[in-house]
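Engineer: Supplied in structure tokens, the structure appears directly below.
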Amino acid sequence: MSRIAAVTVLALMLAGCDQNMDVQPKYNSYSYAPLFRDSSLRPPPAGTIARGDIEREREIQTKPAMTRELLARGQNRFEIFCTPCHGQTGEGNGMIVQRGMPHPTSYFDPRLLAADDQHFFDVMTNGYGAMYSYASRIAPRDRWAIAAYIRALQLSRHASLDDVPSEERQELEASP
């Protein structure tokens, strides 16, 4: 009897081996599905939130406090993403411009000097003119850091010796 049971179990196992996932009934994305009017690809249920969206939205809404670390991060990200078009100084004379692409507006243009930080964040997020959106390439916190660095670039052009802290001013005055 045990020999018959072993053969039966072996036969059932071998019969199950032919069940391949490629052969099972299913709908392919974007293909016609008789169950639905348009295609088998269904929209997510109302109120569905993707993983990380709440935290990302909080980062977008909350401008971080100005710190040395934020400015250093902003300078680093600016050099990576912005200098090809805007140049190291923000004049709009980067390598891409030198090779024939449109000249972006200088950060020292009166319109951009009067713009708030949200403007720079929104331009990085949505794009503007020939500049495409960087929302998928630059995290929201880094976009805020770049906006802070742009502001520092703008302020540096009109800085005077009185703007330097006293201990650092003494070092500047003592150096030849």
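Engineer: With a 10 Å cut-off between alpha carbons and a GNM built on the chain, which of PHE108, PHE36, PHE120 moves the most?
Structural biologist: Per the Cα network of the chain with a 10 Å cutoff, PHE36 tops the list.
Engineer: Could I ask something else about it? Based solely on its DSSP helices, what 222 nm [θ] is calculated for the chain when runs of n ≥ 4 H residues each add -39,500 (n - 2.57) and the sum is averaged over all residues, nearest 500 deg cm²/dmol?
Structural biologist: Rounded to the nearest 500, it is -14500 deg cm²/dmol.
Engineer: Spin-label point model (7 Å from Cα, Cβ direction): what's the ARG3 to ALA152 distance in nm?
Structural biologist: Here the modelled spin labels are 8.6 nm apart.
Engineer: If R0 is 45 Å, what FRET efficiency do you get for PHE36 and LEU10 from their C-beta distance, rounded to 0.05?
Structural biologist: According to the calculation, E is roughly 0.60.
Engineer: Tell me, ILE96, ILE80 in order of fewest to most beta-carbon neighbours within 10 Å?
Structural biologist: Going from sparsest to densest Cβ surroundings: ILE80, ILE96.
Engineer: Are there trypsin sites (Lys or Arg not before Pro) in segment 75-132 that DSSP puts in a loop and that have at most 16 other Cβ atoms within 10 Å, and which ones?
Structural biologist: Loop-located and lightly packed - ARG99.
Engineer: Translational diffusion coefficient, Stokes-Einstein: compute it for the chain using the Kirkwood radius over C-alpha pairs as Rh, at 37 °C and 0.692 mPa s, and state it as an integer in µm² s⁻¹.
Structural biologist: Using the Kirkwood radius from Cα pairs, D works out to 151 µm²/s.
Engineer: In whole Å, what is the distance between the alpha-carbon centres of segment 1-15 and segment 37-98?
Structural biologist: One Cα centre to the other: 61 Å.
Engineer: While we're looking at this one, here's another question. Taking the Cα centre as origin and putting +1 on Lys and Arg beta-carbons and -1 on Asp and Glu beta-carbons, what dipole magnitude results for the chain, to the nearest 20 debye?
Structural biologist: Its charge dipole is roughly 940 debye.
Engineer: Let me ask something additional. Which FRET efficiency value, to the nearest 0.05, is calculated for ARG111 and TYR132 with the Förster distance at 25 angstrom and r the Cβ-Cβ distance?
Structural biologist: E between ARG111 and TYR132, to the nearest 0.05, is 0.75.
Engineer: Using a Förster radius of 45 Å, what is the FRET efficiency between ASP163 and ALA46 based on their Cβ-Cβ separation? Nearest 0.05, please.
Structural biologist: FRET efficiency, ASP163 to ALA46: 0.25.
Since every read-out is calculated from the coordinates, none of them should be taken as a lab result. Model, not experiment: these values are computed from the prediction. Quick reminder, even Gly has a Cβ in these numbers, built from the backbone with ideal geometry, and neighbours come from all protein chains shown.
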